[in-house]
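Worksheet: the structure to be examined is printed underneath.
The values are calculated or read from the model by the stated rules, or taken from the named source; none is laboratory data. As the structure is a computational prediction, the values presented were derived from the model and not from experiment. Cβ atoms come from the backbone with ideal geometry, glycine included; neighbour counts cover every protein chain shown. Side chains included, ligands, DNA and RNA excluded: accessible areas come from the protein's heavy atoms. Shrake-Rupley method; radii C 1.70, N 1.55, O 1.52, S 1.80 Å.
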Amino acid sequence: MKLKSLSVIGLEKNTGKTESLRYIVKLIKRENPRRVLCLTSIGLDGESVDQVTLTPKPEIIIHEGDLFATSEVHYKEKKFLSDVLWVSDSRTALGRVVLSRALENGKVMLSGPSTLYGIRELMKVAKTCGMEFFLLDGALSRRSIGSPFLCEGVVLATGAALSLNPSEIVKKTLHVIGLMKLPVDPMAEYFEKLSEGIWLAKDSVFEKLPVGTVLNNTALVLDRLEKGCKLYLSGSLTESFVRRLIDRGLQKDVTLVVKDYTKVFLSPEITELFFNSGGKLRVLRSPRLIAVTFNPFSPTGYSLDSVEILNILKKFLDIPVIDVMEGENLG
């Protein structure tokens with residue numbers, strides 16, 4: 001794996017993010033045991049029992065020589081030797097974030113920075129400490145860590161926790177992957193230089209609208225749209241805004257542009273309606289999706305036929321689709 005940073009995000013809690021992380025670490029160490037990793041989480045990972053479902057969870061294993069970042073609370077609870085390299089100035093709900101180097105193998109609960117700014121700061125510090133690969137474990141409903149503005153690659157975890165209906169799992173999974181593959185707008189480099197807010201662009205002229213998001217005054221934004229323009233949103237693209245855009249019949253005349261797929265909050269149904277009626281949606285950057293992992297076990301005790309679901313997903317995807325309980329080479 002030639003990437004230098006990778007985030008693991010889940011479509012739902014208990015879809016196998018932590019198992020995916022353990023699997024990725026195993027593959028990296030098999031390829032190059034001396035490669036220095038830095039592991040952390042934007043949420044709470046590594047607990048032996050899930051705090052919501054009370055089901056067993058896999059523990060995070062840290063290898064000797066690797067770096068790990070966790071809160072003060074969980075750093076004190078670990079039972080292996082390590083050197084403290086850095087302590088953050090800002091605090092999380094569990095205290096400051098401690099970056100350490102493991103002096104022996106051990107298990108730890110990961111509860112790292114709670115913000116994207118905190119993650120970026122940690123990445124910079126870890127790099128100065130010899131980190132060669134940054135591995136970030138996500139948290140429920142925090143797709144933002146899968147942003148191409150943060151890590152070079154993304155692994156998407158899906159599974160039985162998302163639904164016990166195989167067709168529903170496939171639909172929701174392919175929907176998110178479709179958003180990940182949205183085309184980059186030709187004017188992306190210009191939009192990246194703009195300040196936060198909502199901008200209209202037409203004939204190389206950029207105008208900032210007097211509202212911060214589409215939630216503030218949808219009617220004002222829609223009234224300013226004209227044929228052939230582009231509407232750039234630095235914030236979220238909401239379902240209600242797209243519905244009103246379609247109701248006015250403006251989707252054929254305007255190109256919507258967002259930072260990346262993590263800013264798009266549309267259901268599969270409204271997304272399909274938007275595109276089928278002539279809508280155009282572009283991004284400033286697209287993530288590099290490395291693989292999709294599948295966890296056939298539901299926290300409620302049910303399990304699904306992973307072979308059936310993996311075979312369906314593989315028909316639509318040109319990347320590895322892996323049952324994390326069975327394994328397969330990521331390449």
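Surface composition of the chain: carbon plus sulfur atoms contribute 51% of the solvent-accessible area (1.4 Å probe, protein chains only, all chains present). Bridgeable lysines around LYS13 (alpha carbons under 18 Å apart, same-chain partners fewer than 8 residues away excluded): LYS57, LYS171, LYS172.
Using only side-chain charges placed at the Cβ, +1 for Lys and Arg and -1 for Asp and Glu, the dipole size of segment 105-195 relative to its Cα centre rounds to 220 debye.
The residues neighbouring PRO33, those whose beta-carbon lies less than 13 Å from its own, together hold a net charge of +1 under the Lys/Arg +1, Asp/Glu -1 convention. Per residue, the convex hull spanned by the Cα atoms of segment 72-116 measures out at 73 cubic angstrom.
Rounded, prolate or oblate: pick one for the chain, where a ≥ b ≥ c are the square roots of the eigenvalues of its C-alpha gyration tensor, a/c under 1.5 means rounded, and failing that, prolate if a/b is larger than b/c, else oblate. Here the chain falls in the prolate category.
From the residues PRO210, THR18, SER7, which one has its Cα farthest along the dipole of the chain in the positive direction, the dipole being from +1 and -1 charges on Cβ of Lys/Arg and Asp/Glu about the Cα centre? So the residue furthest toward the plus end is PRO210. Here the simple spin-label model places points 7 Å from the Cα toward Cβ, and for GLU308 and GLU192 these points are separated by 4.5 nm.
Return the percentage of antiparallel bridges among DSSP beta bridges fully within segment 227-331, rounded to the nearest 5 %.
Details: 1 of 14 bridges.
Beta bridges within segment 227-331, antiparallel portion: roughly 5 percent.
Roughly what would the spin-label model give for LEU215 and VAL73, points 7 Å off Cα along C-beta, in nm? So the two model labels end up 2.7 nm from each other.
With a threshold of 32 Å on the Cα-Cα distance, the over-threshold entries among LYS17/LYS227; LYS263/LYS314; LYS2/LYS107; LYS127/LYS181 are LYS17/LYS227.
Rounded to the nearest 20, the size of the Cβ-charge dipole of the chain about its Cα centre is 600 debye, with Lys and Arg at +1 and Asp and Glu at -1. Here's the picture: a label point sits 7 Å out from the Cα of ARG224 along the beta-carbon direction, and within segment 202-216 the residues with their amide nitrogen under 13 Å of it are 202, 206-216.
What accessible area per residue, rounded to a whole number of Å², is obtained for the chain using a probe radius of 1.4 Å?
Numbers: 15330 Å² over 331 residues.
That works out to 46 Å² for each residue.
How many percent of DSSP beta bridges within segment 169-262 run antiparallel, rounded to 5? Don't skip to the answer; put the middle values down first.
Details: 8 of 12 bridges.
Close to 65 percent.
In this structure, the amide hydrogen of THR293, modeled 1.01 Å from its nitrogen in the peptide plane, lies closer than 5 angstrom to those of LEU156, ALA157, THR158, ILE322, counting only residues at least 5 positions away or on a different chain.
Extension gain, LYS202 to ASP89: 0.36 nm times the residue separation minus the Cα-Cα distance gives 36.3 nm.
In this structure, the amide hydrogen of LYS280, modeled 1.01 Å from its nitrogen in the peptide plane, lies closer than 5 angstrom to those of LEU256, counting only residues at least 5 positions away or on a different chain.
Placing unit charges on each Cβ (+1 for Lys and Arg, -1 for Asp and Glu) gives segment 229-313 a dipole about its Cα centre, and among SER298, LEU233, THR262 the Cα reaching farthest toward its positive end belongs to LEU233.
Does segment 219-331 come out rounded, prolate or oblate by the C-alpha gyration tensor, with a ≥ b ≥ c the root eigenvalues, rounded set by a/c under 1.5 and, if not, prolate when a/b is larger than b/c and oblate if not?
Values: a/c = 2.89, a/b = 2.35, b/c = 1.23.
Because a/c hits 1.5 or more and a/b exceeds b/c, segment 219-331 counts as prolate.
For segment 210-282, the Cβ-based charge dipole about the Cα centre amounts to some 220 debye (Lys, Arg positive; Asp, Glu negative; other atoms uncharged).
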